[in-house]
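Some notes on the structure that comes next.
The values are calculated or read from the model by the stated rules, or taken from the named source; none is laboratory data. Model, not experiment: these values are computed from the prediction. Cβ placement follows ideal geometry from the backbone for every residue including glycine, while neighbour counts extend to all protein chains displayed. Each accessible area value is taken on the protein alone, full model and side chains, heavy atoms only, with ligands, DNA and RNA left out. Shrake-Rupley method; radii C 1.70, N 1.55, O 1.52, S 1.80 Å.
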Amino acid sequence: LPSWHPKLERIIVRRDAVNLSISVWDGHPNVDDSYNAGTAISSSHPSVDAFIPDGTLPPTHPAVDTLLKNPSSNPLPSWHPKLESFIIRRSPVDLNISVRQTHPNVDDMYKAGKGIS
């Protein structure tokens, strides 16, 4: 810049760091690895934006759900914090539900979109 040009830092307003923690289950994929690999969240994934209180992100920040649905077209800038820095992993669930031996496979039922009857 020419010597007469004002310092660029004069027009910068620095915000506080984003204070955000989103709790996920212990086996949730690494968000940074998935995003950097261009892996989109599934259409059945809960809205991430719904977990982010209004005013947490800068007003010009794109909707997080939009970014996560198409990471290949929305690379994060190099200065962006790691996505995993906002993630808190819950302990594995220790839960056992007793069912009959003939009970249908619940994973297969879920994948087929069959509800509990």
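For the chain, the carbon plus sulfur part of the accessible surface works out to 56%, probe radius 1.4 Å. Counting charges near SER47 (Lys, Arg +1; Asp, Glu -1) among other residues having Cβ under 12 Å from its Cβ returns a value of -1. Evaluating 6.51 cos²θ - 1.76 cosθ + 1.60 at θ = phi - 60° for every residue in the stretch 41-49, the Karplus couplings come out as 5, 6, 5, 8, 5, x, 5, 6, 4 Hz, glycine and proline recorded as x.
Put simply, the amide H of ILE22, placed in the peptide plane, has neighbours under 5 Å in ILE87, ILE88, leaving out anything fewer than 5 places away on its chain. In the complete set of protein chains, residue-level accessible area for HIS61 is approximately 60 Å², probe 1.4 angstrom. Backbone geometry of the stretch 69-77 corresponds, through the Karplus equation with coefficients 6.51, -1.76 and 1.60 at θ = phi - 60°, to 3J(HN,Hα) couplings of 7, 8, x, 4, 8, 9, x, 6, x Hz, x marking Gly and Pro. The region of the chain that goes longest without hitting one of the chymotrypsin sites (Phe, Trp or Tyr not before Pro) in a DSSP loop, each with at most 10 other Cβ atoms within 10 Å, is 26-78.
Ranking THR66, THR60 from most to least accessible surface, computed with a 1.4 Å probe over the protein chains only, gives THR60, THR66. Rounded to the nearest 500, the helix-only mean residue ellipticity at 222 nm of the chain stands at -3500 deg cm²/dmol, with each DSSP H run of n ≥ 4 adding -39,500 (n - 2.57).
Need one number for the chain: average projected area of the convex hull over its C-alpha atoms, nm². The Cα convex hull of the chain, projected and averaged over all directions, gives 11.5 nm².
For LEU76, no residue has an amide H sitting under 5 Å from its own, ignoring neighbours fewer than 5 places away on the same chain, with H placed 1.01 Å from N.
As a calculated quantity, the FRET efficiency between ASP107 and ALA17 at R0 = 35 Å, using C-beta atoms, amounts to about 0.30.
Rounded to whole numbers, the Karplus 3J(HN,Hα) couplings from phi for the stretch 86-102 are 9, 9, 10, 8, 6, 5, x, 7, 10, 9, 10, 10, 7, 9, 5, 4, 8 Hz, using 6.51 cos²θ - 1.76 cosθ + 1.60 with θ = phi - 60°, and x at Gly and Pro. Of the residues ASP49, ASP32, ranked by 1.4 Å probe accessible area with the largest first, the sequence reads ASP49, ASP32.
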